[in-house]
1. Where the centre of each part is set by its Cα atoms, how far does the range 105-123 sit from the range 24-38, in angstrom?
2. If you count only protein heavy atoms and use a 1.4 Å probe, how large is the accessible surface of residue 60, to the nearest 10 Å²?
3. May I ask you to work out the translational diffusion coefficient for the range 176-255 at 25 °C, viscosity 0.890 mPa s, via Stokes-Einstein with Rh from the Kirkwood sum over Cα pairs, reported in whole µm²/s?
4. Please check: in the Gaussian network model of the chain (C-alpha springs, under 10 Å), which one of 190, 71, 174 has the largest mean-square fluctuation.
5. Describe numerically, in nm with one decimal, the distance between label points set 7 Å from Cα along Cα→Cβ at residue 93 and at residue 33.
6. Using +1 on the beta carbon of Lys and Arg, -1 on that of Asp and Glu, and nothing else charged, what's the dipole of the range 173-231 about the Cα centre, debye to 20?
7. With N residues in the chain, what two-decimal value do you get for its Cα radius of gyration over 2.2 N^0.38 Å?
8. Per residue, how much accessible surface does the chain expose to a 1.4 Å probe? Answer in Å², no decimals.
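The values are calculated or read from the model by the stated rules, or taken from the named source; none is laboratory data. No experiment lies behind these values; they were computed from the predicted model shown. Note: ideal-geometry Cβ built from the backbone for every residue, glycine included; neighbour counts use all protein chains shown. SASA here: full protein model, heavy atoms, side chains in, ligands and nucleic acids out. Shrake-Rupley method; radii C 1.70, N 1.55, O 1.52, S 1.80 Å.
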Amino acid sequence: MLAITAAIPMSSALADAWYPYDAEEVSPAFSGEGEVKAVVYTALERAAKPWNICVSFPHMKDAYWLGVDYGVADEATRLGVNMNLVEAGGYTELNKQIGQLEDCVASGADAVVVGAISYDGLNNVIGEIAGKGIPVIDVINGVSSNEIAAKSLVSFKTMGYETGAYLAAKHPAGSDEVLVGWFPGPAGAGWVEAAHAGFMEAVEGSAIKVLEPRFGDTGKETQLKLVEDVLQANPDVRYLAGTAVTAEAAQGLIRERGLKGKVDLLAFYMTPGVYTGIQRGFILAAPADSMVIQGRIAVDQAVRILEGKEYVKHVGPKIFVVDPENIETVARENILPPKGYSAVFNVSN
């Protein structure tokens with residue numbers, strides 16, 4: 001099977017390719033309790049024709065989705081397909097995302113890639129699209145629909161777990177209790193609930209005491225207000241952990257209040273701001289889910305499905321934690337958009 005060949009001969013034309021890439025496949029596909037096995041993902045060299053692929057994101061407010069945009073746009077360019085991207089404006093805009101997906105189909109999309117606002121809320125429209133023979137690929141966030149054609153995502157439960165485990169290793173059972181403010185993101189989003197469950201599972205039994213979770217949209221102002229509230233109510237808090245936007249927004253606040261070294265920051269996923277924060281010593285650590293690669297794989301899956309080729313139904317890049325010890329050895333272009341990258345909404349081939 002081309003997509004998961006363990007030993008791949010590379011031609012000179014592929015010397016600069018992003019693949020083969022260490023990944024993990026879930027079997028059976030779409031199962032929350034499926035077996036995870038290591039695979040090596042290999043993409044197609046070129047699409048057979050310029051398919052029309054519509055991509056729908058919750059928003060483009062933060063650099064995380066900019067990284068996914070880079071992945072889908074660059075992969076569409078590389079494969080030679082057309083890509084149109086729409087964004088709903090935020091996690092409160094479920095109805096807008098549903099409308100945008102309907103518009104995608106009406107505009108002639110051959111396949112749809114969706115980063116879902118809601119784990120359950122898109123199931124009806126996904127069913128309608130799939131019923132027309134148009135494959136829907138679930139990227140990044142996760143949906144509960146069983147009518148999708150493929151998933152390109154990692155387990156956000158694992159992302160949350162790795163973040164909590166990093167803290168738990170620093171403060172094991174028997175050591176002095178430490179308070180942690182926890183900011184999982186917008187309530188109800190599948191990725192948020194998963195990350196929350198993983199984080200709480202990882203710190204259980206350690207000396208970590210997690211304050212009441214503060215849920216909220218991943219806009220900077222919302223997250224900054226939540227952080228300010230926690231610092232105000234809990235002057236003894238030792239760590240603030242949560243979304244990348246939380247960590248990015250909190251850096252300035254920690255510096256202004258002279259709390260550097262007294263309150264450390266962690267994110268449970270990677271963005272350019274988090275990456276730079278780790279480099280500069282303002283953020284302690286974050287797991288990388290290679291969001292660029294997730295975007296690339298989703299487009300490759302769409303093309304494989306449209307062309308009747310074999311594909312991995314449920315796959316995501318291998319997760320690893322980035323901290324000051326390894327940050328200089330990480331291949332930045334696989335986990336983040338290029339410096340100075342601006343959003344691309346259309347690719348024409």
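1. 22
2. 50
3. This corresponds to a translational diffusion coefficient of 193 µm²/s.
4. Per the Cα network of the chain with a 10 Å cutoff, 174 tops the list.
5. Distance between the two pseudo-spin positions: 3.8 nm.
6. 120
7. Details: Rg = 19.9 Å, N = 349, 2.2 N^0.38 = 20.4 Å.
Normalised Rg, Cα atoms only: 0.98.
8. Details: 14310 Å² over 349 residues.
It amounts to 41 Å² per residue over the chain.
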